[in-house]
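Notes follow once the structure below has been shown.
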Amino acid sequence: MPKEPYQSPRDGPNWPDWMYYVALAAVLGLLIVTSFFAPPTNQQATTLTYSAMKELVRAGRVQSAELREHSIIVNTKSDDKNGGQTFSAVVPVHGDPDLLALLEDNDVDITATEPSETSIFIYLLPWVFILAVYFWLQRRMTGGIAGGPGGISGGLLSGRFSKPNASAKKVTFQDVAGQDQAKREVAELVEFLRDPQRFARVGAEVPHGVLLVGPPGTGKTLLAKALAGEADVPFFSTSGSEFIEIFVGVGAGRVRNLFEEARKAAPSIIFIDELDSVGRTRGTGLGGGHDEREQTLNQILAELDGFSEREAVVVLAATNRPDVLDPALLRPGRFDRHVTLNLPEKEARRAILDIHARKLPLENTSDLDWIAAGTPGFSGADLKNLLNEAAITAARRNAGLITRSDLDEARDKVMMGTVRTLAIRPDERHRLAVHEAGHTAVSYFTPEADPLYKVTIIPRGHALGGTHSLPEGERHTLNETFLKDQIVTLLAGRAAEQLFLGTVSSGADDDIRRATEIARRMVTRWGMTDELGPIDLRQSEDHPFLGRSIAQPTSVSDTTAAQVDQAIIKMLVDAEARATSILKQHKPETEKLIAALEENETLDFVAIQSCLDPEKKIEQPRHTPDSVTKIPVVPHS
């Protein structure tokens, strides 16, 4: 059974904030009641001037009088013409020495009221209120620097470091799809957390630190929660950025309390998300060894070394930047086991879609096969977002089911952006159709190119149009023929403008950039040129911490750099010449495609094939529409 989170005696009761507010309101209410409550007067007195009141006494009309601290109340005789009335008057500040004699001479029945003492609470009330506001602000601003209910253990740990609510839905490995290899690597930790003594009897030491590495959205946090759910142990979750505060020493104190809580609740799991925000290589900050981030990192290293062999606490950390982590974090004994979570493949994407579509009213569940087959490079979070966009689209139509068109619209929105309403001139619209038709025609007649899905000249996001192609399957390596065909397809839009319009435009800006990037990698990284051969000629690399390009230690001579440039230029020029040659061979078919695209704005594969190859039997691409989608996209911007 999971243990309750440990609470140190010095920390005091771990009360929620609302209990403090209720207690404060009760104290203030009691002070107000004791300070201002007074028994009500049961007589209704008419206010007179002091002189008029004395005239009543001299006239013998007053039967009784009540002397108070600063006033007098008189009751007239019952046989008076206005008998039975009560009058009050304010006595002069320094009193009237003749008043008592006047009352006695006229046989007035005299009573006196003891002066009231002002309660001390009336003076303390403002100070109590000021102190209450001060301590409340301190509690909110510091976030828990000292101990006690507002401190680290009482305030911070009870919120961000505590295990999830028992009523929350438990996450297990069944809720994690597409990461079978990662689940196998952490599965043995489940047995360790369930029965740590079994491992201790044979002297086995299970790693206390496990680093989850992978792109954003691949399910690192979900896998950590599933591990805790499978082992049925407390789960302490936090983020690396939560350790860093403006106050020096707060981060290290929070680390100590976090590990103390986990040890007391052992067996348990600690999960630190975004470890790179606090675990970057030391020595890069401005504060040297006194930098708050580095002090926090030093405390994490000390806590990882402080585990005994019998302490069943596993520390999981997640990052998508393992290259920036301090080497001390990755040495044996700390985060020495690295579990990599990759972007899911087709089968894994289908399983992820099944999980996220459990509560969605899909018109046809086979549409998920279509989505999964054509979204390589999508993470689990991307797929969830795609389904959510489809549900939003269906809700806007006030529909009860999510249809194929909703999924298609959501896919286009996620990959390219929302539809833009632009007033495009006729000549620009024609140029746009020529450009996209060039991409489409060359891609169709290039054997190694990915099959087409559709082409459109509807503006979306930053693109004015797009040619949508799709891969035949997952590619883990890229051969030279495929890469050259990719460059030819990218430059086909510019070649079509030159061939059919006689001039080129700025619309090929992104195409040229992407084609140049592919050609440069082929020459400088992958050795795909006969002139230079297999040699790494990269001259710059992104620095993992500074986020900018820096020179490589091995320099490249000017002669070699010139050869690299010449090889890239030759590759691009040859690719454009090849694209032009293909368009010339199929010029009538391409002109027909341009006209159809201007008229319909969007053409699917069947319409494309009817324009480019009308004599061929109409057939679906190698992936049928039930299992394809557009990827990648060649936009015209």
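Just so you know, all these numbers are worked out from the coordinates, no wet-lab data involved. Note that the coordinates shown come from a computational prediction; the quantities given were computed from them, not determined experimentally. Here the Cβ is made from the backbone with ideal geometry for all residues, glycine too, and neighbour counts use every protein chain on show.
Hydrodynamic radius of the stretch 346-416 by the Kirkwood approach over all distinct alpha-carbon pairs: 11.8 Å.
Residues whose amide H falls under 5 Å from that of Gln63, counting only those 5 or more places apart or on a different chain, are Asn75, Thr76, Lys77, with hydrogens built in the peptide plane. Remark: C-alpha extents of the stretch 46-112 on the principal axes read 34, 24, 19 Å, sorted largest to smallest. For the residue pairs Lys359/Lys454; Lys220/Lys264; Lys170/Lys220; Lys183/Lys225; Lys220/Lys384; Lys225/Lys346, the C-alpha atoms sit more than 19 angstrom apart in Lys359/Lys454; Lys220/Lys264; Lys225/Lys346.
Provide the net charge surrounding Lys570, with neighbours chosen by a C-beta distance below 13 Å and charges set as Lys +1, Arg +1, Asp -1, Glu -1.
Summing Lys and Arg as +1 and Asp and Glu as -1 gives -2.
Working note: Cα gyration tensor of the stretch 433-514, eigenvalues times five, square-rooted, sorted largest first, giving semi-axes of 22, 14, 12 Å.
Test of the criteria: in the stretch 166-238, which GluC sites (Glu not before Pro) are in a DSSP loop and have at most 12 other Cβ atoms within 10 angstrom of their Cβ?
On the way: sites: Glu185, Glu188, Glu191, Glu205, Glu230; in loops: Glu205.
Here the GluC sites (Glu not before Pro) that fit, given the DSSP loop and packing criteria, are Glu205.
Averaging the sequence gap over all C-alpha pairs within less than 8 Å and six or more residues apart, then dividing by the number of residues, gives the stretch 346-416 a relative contact order of 36 percent. For His430, His70, the sequence from fewest to most other C-beta atoms within 10 Å is His70, His430. In this structure the amide hydrogen of Val315, modeled in the peptide plane, comes within under 5 Å of the amide hydrogens of Gly209, Val210, Ile270, none closer than 5 places in sequence on its chain. Evaluating 6.51 cos²θ - 1.76 cosθ + 1.60 at θ = phi - 60° for every residue in the stretch 346-353, the Karplus couplings come out as 4, 4, 5, 5, 5, 5, 5, 4 Hz, glycine and proline recorded as x.
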